[in-house]
Amino acid sequence: MNTSRKLLLAAAAAAALSAMASSALAQASSSASATAAVTVVTPINIASTGSLNFGRVVLDGTANDASLVLHTGDSSLASPVHATAVTGTAVSTPTFTLKGEPGQLYDMVVTPSLIIGGSNRLTVTGGYGTGATNLTVAGATVPFVYTLAVPSGTAATTYSGTVSVSVTYE
């Protein structure tokens, strides 16, 4: 092979290698971009006014547990099971008001709470109805249903404690 042909082949090979190297370097790094956004919403808040008072009851003396139920705004026990409300006894329910981002979905939890009388303990449970489906900045009152389970043979005394409600955005 003559020298000029060898030089021509060497130059062609060098050009090909250079093109491959440039192509490989171009593929070794790349970049892209995406838009970024955030929506800051009004913090959620829950406040309560009033207290939960099931009033005074007499158990019916059977071996059955009593069930006392109060709805938000009730002024008397509605059909207590295995117990009788003492006439003239006041009952009350707290009012829970939510504030937050209008239209935002939320979840509420009523923590089962113990009310204590001496060494005896009773459990209050609760749930919320279909009231405040859309939060408003001005506040929405949420209706609750509270249930107090009173086992048969429960000692006659005054029981007290707290009821806790928490709320979070979904």
field: segment 115-149, subset part of a loop (DSSP other than H, G, I, E, B) and of a type in the set (A, V, I, L, M, F, W, C), residue modelled with the lowest pLDDT
entry: Ala132
field: Meets criteria (loosely packed, with under 15 Cβ neighbours inside 10 Å and more than 18 Å from Ser166 (Cα to Cα)) for Gly55
entry: no
field: Top-ranked residue in segment 81-102 [being of a type outside the set (S, T, N, Q) and within 19 Å of Ser160 (Cα to Cα); ranked as surrounded by the most Cβ atoms within 10 Å (Cβ to Cβ)]
entry: Ala83
- prompt: Of all residues in segment 150-169, which are outside any strand (DSSP E or B) and more than 30 Å from Gly103 (Cβ to Cβ)?
  reply: Pro151, Ser152, Gly153, Thr154, Ala155, Ala156, Thr157, Thr158, Tyr159, Thr162
- request: Give the residue, chosen from Val57, Val150, Val91, Val167, that is farther than 30 Å from Val40 by Cβ, in contact (Cβ under 8 Å) with a residue 60 or more places away in the chain, touching an Asp or Glu at 6+ places or on another chain (Cβ under 8 Å) and not polar (S, T, N, Q).
  value: Val150
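The values are calculated or read from the model by the stated rules, or taken from the named source; none is laboratory data. Keep in mind that what you see is a predicted model, and the values were worked out from it rather than measured. Cβ: placed from backbone, ideal geometry, glycine included. Neighbour counts: every protein chain shown.
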